[in-house]
1. How many residues does segment 121-133 hold that are surrounded by fewer than 21 Cβ atoms within 10 Å (Cβ to Cβ) and either part of a helix (DSSP H, G or I) or among the acidic types (D, E) (or both)?
2. Out of curiosity, is T172 assigned to a helix (DSSP H, G or I) and closer than 22 Å to L219 by Cα?
3. Please work out which residue is most open to solvent (accessible area, probe 1.4 Å), limiting yourself to segment 178-229 and to residues that are among the polar types (S, T, N, Q) and under 16 Å from the mean Cα position of the chain (by Cα).
4. One residue is enough: does segment 169-191 have a residue meeting the conditions at negative phi, within 16 Å of the ligand (Cβ to nearest atom) and charged (D, E, K, R)?
5. Please list, ordered by residue number, the helices (runs of 4 or more DSSP H) wholly in segment 78-120 having 1 or more residues that are surrounded by 21 or more Cβ atoms within 10 Å (Cβ to Cβ) and hydrophobic (A, V, I, L, M, F, W, C).
6. Can you tell me which of (1) buried (at least 19 other Cβ atoms within 10 Å of the Cβ); (2) closer than 18 Å to L151 by Cα is the one A50 doesn't meet?
7. Quick one: in segment 217-242, which of the residues that are within 11 Å of the ligand (Cβ to nearest atom) and assigned to a loop (DSSP other than H, G, I, E, B) is farthest from V161 (Cα to Cα)?
Amino acid sequence: MARTLVAGNWKMNGTSASLPEIEAIAAGVTPEKEGVEALICVPATLLTRAAAAAKGTALMIGAETCHARGSGAHTGDISAPMIADTGASHVIVGHSERRADHGESSEIVAAQAAAALEAGLTPIICIGETAAERDSGKAIEVVTTMLSASLPAGADPSLLVIAYEPVWAIGTGNVATVEAVDEMHTALRARLTDTYGAAAAGIPILYGGSMNPGNAAGLLAVRDVNGGLIGGASLKAADFLAIYAAA
Ligand code: PGA
């Protein structure tokens with residue numbers, strides 16, 4: 001069985017004034033809560049300080065993207081070894097906002113995930129369909145294809161995390177139905193099993209898209225949902241911790 005991961009994604013939000021939220025989340029995350037991990041992914045400017053604030057607690061800190069190369073002439077980019085150097089343990093790759101705003105294809109995402117693994121970070125590989133793709137009845141086909149194309153070649157499956165985030169559910173309040181999430185996560189698990197065999201059972205598959213304290217318990221109870229990737233509701237410690245409690 002896959003472990004459960006409750007992960008926050010702060011996106012382009014947060015300055016020094018937000019560090020007390022990290023401290024409050026770290027104080028509320030209990031190492032005794034067996035099999036449930038907590039992670040907050042923060043902007044690069046906060047990584048070092050967030051990692052310091054979470055040090056010695058069960059809260060883990062992650063980044064929101066990384067470059068596919070370890071170093072070089074890529075002005076403004078941040079590499080996986082730089083992220084690891086801050087004390088962070090995870091990095092999101094392939095978020096739909098990165099795919100849309102920065103043209104990151106699944107091929108690039110697979111290279112970013114490989115770079116993360118190389119640096120000792122856990123990549124959280126994001127995939128999801130648009131509203132038009134769902135309306136056309138092609139969501140399962142689109143997302144399973146995206147998954148296969150975004151997986152780094154030759155990776156150890158025990159080091160991967162997948163996040164299914166329907167684009168139309170992100171930041172909209174339009175959470176996917178439990179039935180749709182169940183259908184998609186079952187298909188994703190099957191695709192991972194085709195790729196990795198029995199080891200696929202241990203890969204956490206998170207759901208993301210308007211998860212909040214009110215709907216988290218229902219989503220997290222779905223068989224192949226192993227946690228959440230939470231945007232808006234991760235910015236306030238009380239909301240994030242309520243979702244963590246539901247897990
Ligand atoms: P949301 O964002 O929870 O605000 O919908 C989720 C995400 O984009 O990871």
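The values are calculated or read from the model by the stated rules, or taken from the named source; none is laboratory data. Because the structure is a prediction, the values reported are computed rather than measured. Here Cβ is always computed from backbone atoms with ideal geometry, including for glycine, and neighbour counts include all displayed protein chains. Side chains included, ligands, DNA and RNA excluded: accessible areas come from the protein's heavy atoms. Shrake-Rupley method; radii C 1.70, N 1.55, O 1.52, S 1.80 Å.
1. Here the count works out to 3.
2. On the way: assigned to a helix (DSSP H, G or I): no; closer than 22 Å to L219 by Cα: yes.
Spelling it out, it is not the case that T172 is assigned to a helix (DSSP H, G or I) and closer than 22 Å to L219 by Cα.
3. Here is the first cut: in segment 178-229, the residues among the polar types (S, T, N, Q) are 186, 193, 195, 210, 212, 215, 226.
Now narrow it down to the ones that are under 16 Å from the mean Cα position of the chain (by Cα): 210, 212, 226.
Values: S210: 26, N212: 59, N226: 4 Å².
Applying the filter and picking the extreme gives N212.
4. No, because not a single residue in segment 169-191 is at negative phi, within 16 Å of the ligand (Cβ to nearest atom) and charged (D, E, K, R).
5. Values: elements: 80-85, 96-102, 106-118.
In segment 78-120, the matching helices (runs of 4 or more DSSP H) lie at 80-85, 106-118.
6. Among (1) buried (at least 19 other Cβ atoms within 10 Å of the Cβ); (2) closer than 18 Å to L151 by Cα, A50 violates only (2).
7. Checking each candidate, the answer is L235.
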